[in-house]
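Worksheet: the structure to be examined is printed underneath.
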Amino acid sequence: MITRRFPALIAASTLVAFALLPACAAAASPACDPDNGGIHLPAGFCALVVADNIGAARHAVAAPNGDLFVALQDGGIAALHDSTGNGKFDVVEKFGDKSTTGIAFHDGYLYFATPTTVERYKWSPGQLKPTGPAEVVVSGFPEQREHRDKGLTFDNNGHLYVNVGAPSNACQSHDRIAGIPGMDPCPILEKHGGVWQFKADQPGQTQDTGVHFATGLRQFPALAWHDGAVYIVMNNRDQLDTLWPKYFTAEDNATLPAEPMYRAVLGSNFGWPYCVFDYKTQKLILNPEYGGDGKKVGRCSQYTLPIASYPAHWAPVDLMFYSGHQFPAEYRGGAFIAFHGSWNRAPLPQAGYNVVFQPFKGELPSGKFQVFADGFKGKETLMSPSDAAARPDGLAQAPDGSLYITDSQHGKVWRVFYRPGK
């Protein structure tokens, strides 16, 4: 995920200028949709659909004047502006043509991540489209068909962090073939399956010039800097039952491999592909590709454990720590996570397709997660991702502390408010 801060170097007078621009941030509080745009929220919250059909919307970031910039999986960035003050984005400007996931403002630039690069545009207050070409900050990420989407985040010391997903399910020599053992050691981990750190303000870097910050991860565009570390929510492994029917049933596959949350510091190793975190037992156990049978722990005792976990195959795609004041105080400092659902629960029905809230106290979770926004599937029983009404994908905090949720299925954007008594 993305750091939700506008550049600290922008002067207070510039921020005042932002506030004077016509935008949804400056408008009177808009009315929510009677049905919350088709989604379900906790008591006291409501939502309205502020944009639709903008493309396969992934991560997003809001500017101080309320404009919203949305990364598009099918190419480029959509810049959204409310020119009427009714709370809905009626101006949509698109630019760029590369598949994009991570997006953030940092020190006067709009950064975005493609499958093989991180690039940036110079940005000015109130600007909707860039006036010049993008500058390449990092290149040389490997071409890969699987798990190529990249999130990004920034720390407070001039560093940029990027995920490089593993183009594999469990590092088999022939991927996703029944009974094939995993390569040991896994050569994929040299260039994939980890977090890389770069200098945030230096163009012309490559993956090879960056720091291999953390390893042992499968795929995780959901990452965010918080309280001195990179926080990650990972997509766990698939196909336990079809690849290893001797040990696992379809029910095991649909419920065992948790989507773990990790706190990553320099040198962290979380154990993929050798291990999988079992949601039912809350233990890190050996993957069957490395001699596991659903119970053995073996070498897994040496790896860093998750700080929280979520049900199997919910498929996390974005992570955002809340710093606003529009929501009640108990939300401040906690994490919102967007789960867009996975194909690999079949033959069981789909699950996830929601946004959860994870309470935090300081650097660690402080309680059980809560489903915050639901109903995106559009039906109670969903068997295929393509039949979902929506798939929540991106999260962004508006200047007033309300929450944007993007949809990669049909390009919707919701804005969520706290309005008790309404």
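The values are calculated or read from the model by the stated rules, or taken from the named source; none is laboratory data. None of the values given here were measured: they were computed from a predicted structure. Virtual Cβ from ideal backbone geometry, glycine too; neighbours counted across all protein chains shown.
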In the stretch 253-299, how many are surrounded by fewer than 20 Cβ atoms within 10 Å (Cβ to Cβ), more than 24 Å from Gly341 (Cβ to Cβ) and of a type in the set (D, E, K, R)? 5
Failed criterion for Val136 (all others in (1) without any contact (Cβ under 8 Å) to a residue 40 or more places away in the chain; (2) among the β-branched types (Val, Ile, Thr); (3) closer than 17 Å to Phe198 by Cβ hold): (1)
Tell me which residues, restricted to the stretch 49-88, are of a type outside the set (Gly, Ala, Ser) and not in a loop (DSSP other than H, G, I, E, B). Val49, Val50, Arg58, His59, Val61, Leu68, Phe69, Val70, Leu72, Ile77, Leu80, His81
Would it be correct to say that Lys422 is assigned to a loop (DSSP other than H, G, I, E, B) and either modelled with pLDDT of 95 or more or under 26 Å from Val91 (Cα atoms) (or both)? no
Assuming Ala312 fulfils every condition listed in (1) at pLDDT below 95; (2) in contact with a strand residue (DSSP E or B) (Cβ under 6 Å, 6 or more places away or on another chain); (3) of a type in the set (A, V, I, L, M, F, W, C) apart from one, which condition is it? (1)
Are there any pairs, at least 6 apart or on different chains, whose C-beta atoms fall under 8 Å, with the first in the stretch 374-393 and within 16 Å of Ser342 (Cβ to Cβ) and the second of a type in the set (Phe, Trp, Tyr) and surrounded by fewer than 18 Cβ atoms within 10 Å (Cβ to Cβ), and if so, which? Ser384/Trp343; Pro385/Trp343
Would you please list the contacts, defined by Cβ atoms under 7 Å and residues six or more apart or on different chains, that run from a residue in the stretch 71-90 that is of a type in the set (Ser, Thr, Tyr) to a residue that is outside any strand (DSSP E or B)? Ser83/Pro22; Ser83/Asp90; Thr84/Asp90
Among the residues of the stretch 79-113, which ones are surrounded by 24 or more Cβ atoms within 10 Å (Cβ to Cβ) and polar (S, T, N, Q)? Thr100, Thr101
Please determine whether any residue of the stretch 190-211 is surrounded by fewer than 19 Cβ atoms within 10 Å (Cβ to Cβ), within 26 Å of Thr255 (Cα to Cα) and more than 22 Å from the chain's Cα centre (by Cα). no
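Here's the yes/no breakdown for (1) within 18 Å of Thr215 (Cα to Cα); (2) in a loop (DSSP other than H, G, I, E, B); (3) within 22 Å of the chain's Cα centre (by Cα):
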residue	(1), (2), (3)
Asp238	no, yes, yes
Asp241	no, no, no
Tyr247	no, yes, no
Met261	yes, no, yes
Pro273	yes, yes, yes
Ser301	yes, no, no
Thr304	yes, yes, yes
Met320	no, no, yes
Taking the residues in the stretch 57-99 that are over 21 Å from the mean Cα position of the chain (by Cα) and of a type in the set (Lys, Arg) as candidates, determine which candidate is farthest from Leu223 (Cα to Cα). Lys88
Would you confirm whether or not the stretch 158-169 contains a residue that is within 23 Å of Val70 (Cα to Cα), of a type in the set (S, T, N, Q) and surrounded by 20 or more Cβ atoms within 10 Å (Cβ to Cβ)? yes
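What residue, among those in the stretch 100-155 that are assigned to a loop (DSSP other than H, G, I, E, B) and of a type in the set (Ser, Thr, Tyr), is farthest from the chain's Cα centre (by Cα)?
Thr131
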Got a number for residues in the stretch 279-299 being over 15 Å from Ala170 (Cβ atoms), within 29 Å of the chain's Cα centre (by Cα) and either among the basic types (Lys, Arg) or not in a loop (DSSP other than H, G, I, E, B) (or both)? 2
Please verify whether Arg415 is more than 26 Å from Arg218 (Cα to Cα), among the charged types (D, E, K, R) and surrounded by 24 or more Cβ atoms within 10 Å (Cβ to Cβ), treating the condition exactly as stated. yes
Return the only residue of Ala170, Ala113, Ala104, Ala178 being closer than 20 Å to Ala51 by Cβ and of a type outside the set (Lys, Arg). Ala104
Does the stretch 260-268 contain at least one residue that is out of contact with any strand residue (DSSP E or B) (no Cβ under 6 Å at 6 or more places or on another chain), hydroxyl-bearing (Ser, Thr, Tyr) and touching a residue at least 24 places away in the same chain (Cβ under 8 Å)? no
Hey, could you check the stretch 114-129 for residues that are closer than 21 Å to Gly204 by Cβ, touching an Asp or Glu at 6+ places or on another chain (Cβ under 7 Å) and charged (D, E, K, R) and say which is surrounded by the fewest Cβ atoms within 10 Å (Cβ to Cβ)? Glu119
